[in-house]
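Visitor: Before I ask anything, here is the structure I am working with.
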Amino acid sequence: MHYVNLEDKAGISETYKKEGYVIVPNLISKEKIDYFLEGYEKLKKKKFYIIRAQDTNRPEKLEVNKQGFIEHSIWNPHYHVLANKFSDGVYKIITDKGISDVLEAISGEPKHTIWQSMFFDKSTGTVAHQDHYYLDTDPPGGVVGIWVALEDITDECGPFYVYPTSHLGVIANREAEHNEDYVGAIANALAYKDYEKVNCTVKKGDVIFWHSCTIHGSNENKNPAKSRKSITGHYFPNSFTKLGTMAHGYIQVDPTMPTINPAIDQWKKSSLQKHVRHLRYGVRYFLNSLSKKQVKVEMKTIDGEYQGKRYEKKK
Ligand SMILES: O=C(O)CCC(=O)C(=O)O
Ligand SMILES: [Fe+2]
């Protein structure tokens, strides 16, 4: 694992360029993480709460399992207006000054926009991929992913992993519509060189930064009693646009607004828009649960038995 301290800006930049990832130890304070965890405990007490799950790519009911963990990964937790402290805890972490300092060291630019965030209570066994497939900049390679460890991560938790230097190899085609095709494309990209897989068994407060073309994913959980609390985020330098738009002769970037950190912007969303978003998830969840038909799911990110399959017909 390649660790570089925050003070060593040149080391951060060099390691990221060469390896396609870098881990900055102890970047997020224990206090910030514990504040978030208080909000998370409050969220878990909610009786009926719909989230947009990142692992199944559709609205799901927030369910706490026997061990007390949330099974689904939550997409954009910083927009959760109905769970204030949880959402605020994420917001404070993804706008942390340490993170913007590292982003600046990586891109050489003073300002970045946060594109999206996710919260994982447990590992969902994310299939190996390049974020380039889902979100990247024009020109490609500008998006930087971050993975914040909210607790000490061991092999049993199903750690996040990277294939160092894979960002310099093959870029899997974004046009793949089916999981099987994409998984195959990544297998080809991995076959290009004998990349070593690095399981990131990092400590609470450490943050992993990786390039949008670096192949990464996460291992399956090996022990149901183990959580794997983490927040991820994807950022891009403000001089870039979204991938695929320059070639069409226009520049597409959603309107942004400042966050509490002047070096990080976010998409402009009013409180009303965030409420409407929640309501939409609720309605879609309700309609899905009424439907006896197979629910079509687009590209999913989970590994293992789900890989490349559609949902079974509801009984
Ligand atoms: O933590 C995981 O399981 C995957 C996260 C990931 O792929 C991402 O944030 O881009
Ligand atoms: Fe990813």
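Visitor: Would you confirm, using the coordinates I've provided, whether residue 125 is touching a Gly at 6+ places or on another chain (Cβ under 9 Å) and either modelled with pLDDT under 95 or of a type in the set (Asp, Glu) (or both)? Don't jump to the end; show me each part of the working.
Guide: Details: touching a Gly at 6+ places or on another chain (Cβ under 9 Å): yes; either modelled with pLDDT under 95 or of a type in the set (Asp, Glu) (or both): yes.
When the stated conditions are applied, residue 125 passes them.
Visitor: Here's a follow-up. Cβ-Cβ under 8 Å, sequence separation 6+ or interchain: first residue in the range 39-56 and among the charged types (D, E, K, R), partner assigned to a loop (DSSP other than H, G, I, E, B) and surrounded by fewer than 19 Cβ atoms within 10 Å (Cβ to Cβ). Which pairs?
Guide: Short answer, once both residue conditions are applied: 44/62; 44/68; 46/62.
Visitor: Any idea which residue in the range 219-274 is nearest to ligand 1 (Cβ to nearest atom), counting only those that are of a type in the set (Gly, Ala, Ser) and modelled with pLDDT of 95 or more? Quick ask: steps written out before the conclusion?
Guide: Start the filter on the range 219-274 by keeping residues that are of a type in the set (Gly, Ala, Ser), which leaves 225, 227, 230, 233, 239, 244, 247, 249, 263, 270-271.
Checking which are modelled with pLDDT of 95 or more leaves us with 225, 227, 230, 233, 263.
On the way: 225: 19, 227: 13, 230: 6, 233: 8, 263: 21 Å.
Looking at residues that are of a type in the set (Gly, Ala, Ser) and modelled with pLDDT of 95 or more, I get 230.
Visitor: Out of the range 107-132, which residues are within 16 Å of ligand 1 (Cβ to nearest atom) and either in a loop (DSSP other than H, G, I, E, B) or without any contact (Cβ under 8 Å) to a residue 60 or more places away in the chain (or both)?
Guide: Across the range 107-132, the qualifying residues are 121, 122, 123, 124, 125, 127, 128, 130.
Visitor: Could I ask something else about it? For the range 160-171, how many residues meet the condition of being in contact with a strand residue (DSSP E or B) (Cβ under 8 Å, 6 or more places away or on another chain) and either among the hydroxyl-bearing types (Ser, Thr, Tyr) or within 14 Å of ligand 2 (Cβ to nearest atom) (or both)? Show your work before the answer.
Guide: Applying the first criterion (in contact with a strand residue (DSSP E or B) (Cβ under 8 Å, 6 or more places away or on another chain)) to the range 160-171 yields 160-164, 167.
Remaining after also requiring either among the hydroxyl-bearing types (Ser, Thr, Tyr) or within 14 Å of ligand 2 (Cβ to nearest atom) (or both): 160-163, 167.
Number satisfying all stated conditions: 5.
Visitor: Right, another one. Looking at 123, 107, 117 in this structure, which one is surrounded by fewer than 22 Cβ atoms within 10 Å (Cβ to Cβ) and either over 30 Å from residue 239 (Cα atoms) or touching a strand residue (DSSP E or B) at 6+ places or on another chain (Cβ under 7 Å) (or both)? It would help to see each step written out before you state the result.
Guide: On the way: 123 fails: surrounded by fewer than 22 Cβ atoms within 10 Å (Cβ to Cβ); 117 fails: surrounded by fewer than 22 Cβ atoms within 10 Å (Cβ to Cβ).
From the options 123, 107, 117, the qualifying one is 107.
Visitor: Take residue 193 and decide whether it is away from ligand 1 (no atom under 15 Å from the Cβ), within 15 Å of residue 159 (Cα to Cα) and outside any helix (DSSP H, G or I). Talk me through it step by step, then tell me what you get.
Guide: Details: away from ligand 1 (no atom under 15 Å from the Cβ): yes; within 15 Å of residue 159 (Cα to Cα): no; outside any helix (DSSP H, G or I): yes.
No.
Visitor: Given (1) over 15 Å from the mean Cα position of the chain (by Cα); (2) surrounded by fewer than 22 Cβ atoms within 10 Å (Cβ to Cβ), identify the lone condition not met by residue 133.
Guide: (1)
Visitor: When you scan the range 178-194, do you find a residue that is surrounded by 17 or more Cβ atoms within 10 Å (Cβ to Cβ) and closer than 20 Å to residue 138 by Cβ, even just one? So that I can check it myself, show each step before the final result.
Guide: First, the residues of the range 178-194 that are surrounded by 17 or more Cβ atoms within 10 Å (Cβ to Cβ): 179, 182-183, 185-186, 189-190.
Next, from what is left, pick out any that are closer than 20 Å to residue 138 by Cβ: none.
Looking through the range 178-194, none of the residues is surrounded by 17 or more Cβ atoms within 10 Å (Cβ to Cβ) and closer than 20 Å to residue 138 by Cβ.
Visitor: Kindly state which strands (runs of 3 or more DSSP E) lie completely within the range 1-106 and contain at least 1 residues that are more than 17 Å from residue 204 (Cβ to Cβ) and of a type in the set (Val, Ile, Thr). Steps first, answer last, please.
Guide: Values: elements: 21-24, 50-53, 58-61.
Of the strands (runs of 3 or more DSSP E) lying wholly inside the range 1-106, those with at least 1 residues that are more than 17 Å from residue 204 (Cβ to Cβ) and of a type in the set (Val, Ile, Thr) span 21-24, 50-53.
Visitor: Could you list, in sequence order, all residues of the range 220-253 that are within 14 Å of ligand 2 (Cβ to nearest atom) and either assigned to a loop (DSSP other than H, G, I, E, B) or more than 15 Å from residue 142 (Cα to Cα) (or both)?
Guide: 230, 231, 232
Conditions tested, residue by residue: (1) within 16 Å of the chain's Cα centre (by Cα); (2) among the charged types (D, E, K, R).
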| site | (1), (2) |
| --- | --- |
| 45 | no, yes |
| 63 | no, yes |
| 68 | no, no |
| 76 | yes, no |
| 82 | no, no |
| 93 | yes, no |
| 97 | no, yes |
| 107 | no, no |
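The values are calculated or read from the model by the stated rules, or taken from the named source; none is laboratory data. The shown structure was predicted, so the numbers you read here are calculated from the model rather than taken from an experiment. Note that each Cβ is placed from the backbone with ideal geometry, even for glycine, and that neighbours are counted across all protein chains shown.
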